[in-house]
Amino acid sequence: MTKELSPATKAVALGRGDHAAGDPLNVPVALTSTYRAGGTRTYGRDGNATWEALEAVIGGLEGGDALVFASGLGAISAVIETLPVGATVVIPADAYNGTRRLLTDLAGRGRLAFRPVDIADTSAALAACGGADLLWIESPTNPLMAIADIGALVAGGHEAGALVAVDNTFATPLLQRPLELGADVVVHSVTKLLAGHSDVVMGAVVTASQDLLDAFRRRRSLHGAIPGPMEAFLALRGLRTLDVRLERAQANAAELASRLVSHPEVERVRYPGLSDDPGHSLAAKQMAGFGAMLSVEVRGGAEPAEAVCGRVRLLVPATSLGGVETMIERRGRWEGEQYLPPGLLRISVGLENIEDLWSDLDQALLGGS
Ligand SMILES: *Cc1c(COP(=O)(O)O)cnc(C)c1O
């Protein structure tokens, strides 16, 4: 095949081995802790055939080489750990809560320093990059749905001498591919949309640089933050259908966002697909779709917002995102999330019928009024 496959096809077709007659169609679950001596694989902490199939798909989709880890935060830790002692990291002030808590913990012990910035404000973010070792980008951000100008930040970050990493969990490689925009590293919480069925916790790092790949692989072997082969199999099975899942979830999210805008109990909807969203025009340029995540601010703050989560019957009140089922939670209930509007509900939109979703959400919003 000479023509580059489309991302939807890559998700289905990559990672299937040599296609020799009689081979299994799917990669087997390689349940082994070690390998007979003399081959390329040596020990189960260093390599596994089921990981490699999943890595071939994630790497192929992002346009680099992927390594899977025990969790998204395990993958993020591997990237952070390759920085020198005393390094400076620039991160979105509204980055994923776990990333901020990790950096806060490391800064508290003198391992590194970090500078929080408004990542949607490109010039302010780049002004903070002087002397920085790493610029960390998230877009859309979790859960404020801010859009960062990845291309401009990559160019400016590199000019300042920083490595640039992008947490691509919310967008997935079907909607944006940061390595093509010049980023050095992409990380994923595979737990979310890539695996897509709320049944595994896993992460991935992707890079096109051999040196970085070697450094991250060393981190994985030395830290031992490795996924189980069964989990890798499940994640790969989920990833095969990413394109169709995302298509439905996005369509549902767009419809919910447009209906929620005029709901009497809703103060504000944050979804880059809305034409008056602050990130809309940049997202339209940078992404192939607006994604399946949205946030709503409920009138009256924390208490009515919690009440909505208590009244839903179909939507699942739970943390996490990217599964087939729609999930809702008030993010401000978590440590480190008190900076958020107290009535902000993050909704991870799933694959249910839109009218079923709407009637449940509508009754839950109206229930207390
Ligand atoms: C969930 C999440 C992570 C962390 O991934 P885990 O698999 O939970 O360790 C990192 N970044 C973003 C944007 C996330 O949503």
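The values are calculated or read from the model by the stated rules, or taken from the named source; none is laboratory data. Just so it is clear, the structure is predicted and the values come from calculations on it, not from any experiment. FYI the Cβ positions are ideal-geometry reconstructions off the backbone, even for glycines, and counts take in every protein chain you see.
Before moving on, here are some points about what is shown:
- When residues in region 202-228 are screened for being more than 13 Å from the ligand (Cβ to nearest atom) and under 20 Å from Gly98 (Cα atoms), 7 of them pass.
Condition check ((1) within 20 Å of the chain's Cα centre (by Cα); (2) of a type in the set (Lys, Arg)) across all residues:
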residue: Glu4; (1), (2): no, no
residue: Arg16; (1), (2): no, yes
residue: Tyr35; (1), (2): no, no
residue: Glu55; (1), (2): yes, no
residue: Gly60; (1), (2): yes, no
residue: Ile76; (1), (2): yes, no
residue: Ile91; (1), (2): yes, no
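- Candidates Leu103, Leu135, Leu193 - the one that is within 13 Å of the ligand (Cβ to nearest atom), crowded, with 24+ Cβ neighbours inside 10 Å, within 25 Å of Ile58 (Cβ to Cβ) and modelled with pLDDT of 95 or more: Leu193
- Qualifying residues in region 55-91 (those that are within 10 Å of the ligand (Cβ to nearest atom) and either out of contact with any helix residue (DSSP H, G or I) (no Cβ under 6 Å at 6 or more places or on another chain) or in a helix (DSSP H, G or I) (or both)) - the one nearest to Gly157 (Cα to Cα): Ile76
- Helices (runs of 4 or more DSSP H) completely within region 121-231 that count 1 or more residues being without any contact (Cβ under 8 Å) to a residue 40 or more places away in the chain and of a type in the set (Val, Ile, Thr): 122-127, 150-159
- Among the candidates Thr42, Thr50, Thr88, the residue that is out of contact with any Gly (no Cβ under 7 Å at 6 or more places or on another chain), within 21 Å of Arg219 (Cβ to Cβ) and crowded, with 17+ Cβ neighbours inside 10 Å is uniquely Thr50.
- In region 4-26, the residues that are within 18 Å of Glu55 (Cα to Cα) reach residues that are loosely packed, with under 11 Cβ neighbours inside 10 Å with C-beta atoms within less than 8 angstrom, at least six apart or across chains, in these pairs: Arg16/Leu25.
- Filter result for the condition that a residue is farther than 29 Å from Gly238 by Cβ and modelled with pLDDT under 95, over Glu335, Glu297, Glu306: Glu335
- Residues being under 14 Å from Ala75 (Cα atoms) and within 13 Å of the ligand (Cβ to nearest atom) - total across region 169-188: 4
- Residue ID - nearest to Arg270 (Cα to Cα), chosen from residues in region 145-154 that are in contact with a Leu (Cβ under 9 Å, 6 or more places away or on another chain) and more than 12 Å from the ligand (Cβ to nearest atom): Ile147
- Check on Asp199, within 13 Å of the ligand (Cβ to nearest atom), surrounded by fewer than 18 Cβ atoms within 10 Å (Cβ to Cβ) and within 30 Å of Ala30 (Cβ to Cβ): yes
- Among the residues listed as Gly323, Gly332, Gly291, Gly273, the single one being under 20 Å from Leu193 (Cα atoms), crowded, with 18+ Cβ neighbours inside 10 Å and free of Cβ contacts under 8 Å to residues at least 60 places away in the same chain: Gly273
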